[in-house]
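Peer 1: Submitted below is the structure of interest, expressed as structure tokens.
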Amino acid sequence: MKILLTGSTGYIGRRLKQLLLKDENLQIRLLVRNKNRFPPQTNKNIEIIEGDTLDKESLINALKDIDIAYYLVHSLNSKDYKNLDKQSAQNFIDACEINNVKRVIYLGGLGVKDENTSLHLLSRIETGEVLSSSKKVQTIWIRAGVIIGSGSTSFEIIRNLTEKLPIMTTPKWVFTKAQPIAVSDVLKYLIESISISESKNLIVDIGSEQLSYKDMMLKTAKVLGLKRVIIPLPFLSINLSSYWLNLFTPVPFTVAKALIEGLKSEVIIQNDNAKKYFPNIKPIDYECAVSKAIDEIQKNQVFSRWSDNAGTIWDKDHTKQIADAIFIDRKIADISNIDKDKVYKSFMGIGGENGWFNYDFLWEIRGVFDKLIGGYGLKRGRRHPQNLRIGESLDFWKVVDIKTNERLLLYAQMKVPGDAWLEFKIENNNLIQSAYFYPKGVFGRLYWYALVPIHYFVFNDMIKSIISKSKNL
Ligand SMILES: NC(=O)c1ccc[n+]([C@@H]2O[C@H](COP(=O)([O-])OP(=O)(O)OC[C@H]3O[C@@H](n4cnc5c(N)ncnc54)[C@H](OP(=O)(O)O)[C@@H]3O)[C@@H](O)[C@H]2O)c1
């Protein structure tokens with residue numbers, strides 16, 4: 001059987017890909033926007049194809065000979081996500097019809113359409129409706145609410161708030177009911193959807209026990225061994241609450257706002273199709289799901305994170321833009337006496353819990369400032385202490401390029417008046433560290449000049465520290 005998996009660089013898709021690969025009877029084709037996101041594959045059951053769900057021709061090509069296609073895509077990173085998502089779903093189902101695909105499996109959000117429905121959920125519902133509109137292709141539309149797993153948005157928000165705030169003042173929506181579900185259970189439904197014998201369209205609502213967000217935070221505190229007090233306040237507005245989430249959790253203001261808007265509506269199961277069509281799956285309860293997630297975090301086994309998708313960074317031609325950068329701070333160090341792979345390992349360990357080699361307090365201040373103006377700050381950290389993957393986040397950076405034993409290129413996602421990159425490159429017997437900046441207008445230029453003295457200390461020290469750390473590896 002031939003399966004097309006979209007969204008394989010995302011939170012759910014990356015995990016699903018690993019599970020699908022365990023079944024040797026399945027031929028998996030991944031549709032990705034940038035092939036470099038995965039190293040060359042040795043497994044003969046996997047094929048990677050470049051495409052974009054907003055480009056119908058590429059979908060027609062990607063869906064050739066496919067029996068079952070997973071749709072795990074959304075455009076939340078773009079301002080116009082509602083229209084883009086609708087277009088993307090329409091392109092997808094049209095291309096499925098052209099290729100006689102038998103079944104589409106879509107994971108959407110739980111919840112109903114009413115006056116409180118958030119724009120984000122409306123868009124997920126609309127996507128499901130478009131995908132289910134075909135007379136020729138069957139769609140299994142799985143709907144999940146709060147997904148609990150290491151690195152999931154909802155869990156990271158709940159965990160960060162619970163860990164950081166002994167006393168929490170929250171909006172009244174903390175009493176809204178939801179039915180959270182462990183990511184491992186979501187994956188079970190997605191996998192079993194391949195083999196169920198039903199041929200009509202299905203909407204399958206999934207979840208574990210009903211809990212309010214307050215219950216979830218208190219249960220998370222219990223698993224973490226913490227005592228927490230939650231004081232709901234009736235007057236906290238959406239904007240104020242989103243700002244609060246932005247400050248205390250890794251999510252930026254825009255994501256926080258989309259999520260807070262969703263908290264007004266209950267996200268509970270509307271049908272019993274999960275029990276009817278998937279009787280063997282018994283979702284684990286909330287506390288078990290939290291324990292599993294925390295265990296993975298503690299053992300550095302986080303497989304994917306909410307911030308892994310590349311979003312709009314591929315719209316930029318980094319090579320060309322770097323070549324056009326107006327400001328460059330370059331440092332070069334001789335590494336002829338050191339193992340190149342140790343130097344590489346040293347700079348690949350940058351950021352997150354490992355710190356930024358020196359002057360961490362300056363990076364922290366920049367992170368706090370970024371958070372204050374609605375950015376990512378440093379809270380996203382690193383997924384893994386040693387490994388990095390192209391496309392994943394690293395504090396307020398995105399990993400744009402990795403060439404083993406040669407190069408690491410980071411693109412700044414902090415709020416900055418222009419485009420900024422940080423590059424580490426091993427060339428001949430040198431380590432070349434370059435900070436590039438392409439300013440936007442006068443303010444961009446002033447920003448760079450204001451930072452020149454700080455850069456002088458930070459970057460001089462950084463290259464020295466990379467070298468000295470590599471000598472000790
Ligand atoms: N995560 C949750 O907590 C949760 C909860 C309930 C439901 N869901 C549903 O599960 C599905 C997957 O969510 P997720 O959290 O895994 O998303 P995610 O981590 O944000 O990943 C989104 C994926 O979509 C890809 N993508 C976006 N636009 C694309 C385009 N135009 N063409 C091709 N690929 C594109 C991204 O690729 P790039 O890497 O190139 O950007 C990425 O692989 C969504 O439908 C979501 O509504 C998720």
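Peer 1: Want the number for GLU24 to GLU47: 0.36 nm per residue separation, take away the alpha-carbon distance, what's left?
Peer 2: Numbers: separation 23, 0.36 × 23 = 8.28 nm, distance 1.36 nm.
Value of the extension gain: 6.9 nm.
Peer 1: Then there is this: Pop out the ³J(HN,Hα) list for the stretch 402-417 in order, Karplus 6.51 cos²θ - 1.76 cosθ + 1.60 with θ = phi - 60°, rounded to Hz; leave Gly and Pro as x.
Peer 2: 9, 10, 3, 6, 9, 8, 10, 10, 10, 10, 6, 10, 5, 6, 8, x
Peer 1: Given H placed on each backbone N at 1.01 Å, which residues far from HIS384 in sequence or on other chains put an amide H within less than 5 Å of it?
Peer 2: Amide H neighbours of HIS384: none.
Peer 1: Across the stretch 71-88, in residue order, what do the Karplus-derived ³J(HN,Hα) couplings come to in whole Hz, using 6.51 cos²θ - 1.76 cosθ + 1.60 with θ = phi - 60° and x for Gly and Pro?
Peer 2: Result, ordered by residue: 10, 10, 10, 8, 10, 3, 6, 9, 5, 8, 4, 5, 5, 4, 5, 5, 4, 4 Hz.
Peer 1: Same structure again: Under a point spin-label approximation (7 Å from Cα along Cα-to-Cβ), what is the PHE175-GLU427 distance to one decimal in nm?
Peer 2: The two pseudo-label positions are separated by 6.4 nm.
Peer 1: Whose amide H sits under 5 Å from the amide H of SER208, counting only residues 5 or more places off or on another chain, with H placed in the peptide plane?
Peer 2: Answer set, sorted by chain and number: ILE181.
Peer 1: Full-extension gain between ILE332 and GLN90, please, as 0.36 nm times their residue separation minus the C-alpha to C-alpha distance. Mind dumping the intermediate values first?
Peer 2: Values: separation 242, 0.36 × 242 = 87.12 nm, distance 5.07 nm.
Net length gain for the segment: 82.0 nm.
Peer 1: Kindly list the residues of the stretch 1-41 that lie in the label zone of SER195, defined by a backbone N under 14 Å from the point 7 Å along the Cα-to-C-beta vector.
Peer 2: Under cut-off, by backbone N: 1, 20-26.
Peer 1: Let me ask another. Provide the packing ranking of 451-461, 73-83, i.e. peptides ordered by the mean count of other C-beta atoms within 10 Å per residue, highest first. Before the final figure, lay out the partial values.
Peer 2: Values: 451-461: 14.0, 73-83: 16.5.
Highest mean packing first, the order is 73-83, 451-461.
Peer 1: Just rank LEU63, LEU187, LEU21, fewest to most, by other beta-carbon atoms within 10 angstrom. Walk me through the numbers on the way to the answer.
Peer 2: Details: LEU63 26, LEU187 18, LEU21 14.
Lowest to highest Cβ neighbour count: LEU21, LEU187, LEU63.
Peer 1: Follow-up. Among the listed pairs LYS17/LYS227; LYS79/LYS331; LYS22/LYS64; LYS379/LYS440; LYS2/LYS188, which have their C-alpha atoms separated by more than 28 angstrom in this model? Before the final figure, lay out the partial values.
Peer 2: Numbers: LYS17/LYS227 38 Å; LYS79/LYS331 37 Å; LYS22/LYS64 23 Å; LYS379/LYS440 26 Å; LYS2/LYS188 19 Å.
Result: LYS17/LYS227; LYS79/LYS331 exceed 28 Å.
Peer 1: Sticking with this structure for a sec: Quick one: Karplus J couplings for the stretch 63-69, per residue in order, coefficients 6.51, -1.76, 1.60, θ = phi - 60°, nearest Hz, x for Gly and Pro?
Peer 2: So the J values, rounded to whole Hz, are 8, 4, 6, 7, 8, 10, 10.
Peer 1: Related question: How long are the semi-axes of the equivalent ellipsoid of the stretch 193-268, taking √(5λ) for every eigenvalue λ of the Cα gyration tensor, in whole Å from largest down? All intermediate terms of the calculation are to be shown ahead of the outcome.
Peer 2: On the way: eigenvalues 192, 69, 32 Å².
Semi-axis lengths for the stretch 193-268 are 31, 19, 13 Å.
Peer 1: Based on the inverse mean of 1/r over its pairs of different Cα atoms, what is the Kirkwood hydrodynamic radius of the chain, in Å?
Peer 2: Details: mean 1/r = 0.0422 Å⁻¹.
Computed over the chain, the radius equals 23.7 Å.
Peer 1: With 30 Å as the limit, write out which pairs from LYS164/LYS320; LYS257/LYS320; LYS86/LYS316; LYS86/LYS177; LYS222/LYS299 have Cα-Cα distances beyond it, or answer none.
Peer 2: Values: LYS164/LYS320 42 Å; LYS257/LYS320 34 Å; LYS86/LYS316 23 Å; LYS86/LYS177 28 Å; LYS222/LYS299 20 Å.
Too far apart for the 30 Å limit: LYS164/LYS320; LYS257/LYS320.
Peer 1: Could you give the semi-axes, largest first, of the ellipsoid that matches the stretch 316-471, computed as the square roots of 5 times the alpha carbon gyration tensor eigenvalues and rounded to whole Å?
Peer 2: After scaling each eigenvalue by five and taking roots: 23, 18, 15 Å.
Peer 1: Could you work out how far helix 119-131 tilts from the main Cα principal axis of the chain, as a 0 to 90 degree angle to the nearest 10?
Peer 2: 60 degrees
Every number in this text was worked out from the coordinates using simple rules, so none of it is lab data. Treat the numbers as computed from the prediction; the structure is a model and nothing was measured. Ideal geometry is used to build each Cβ from the backbone, glycine not excepted, and the neighbour counts take in all protein chains shown.
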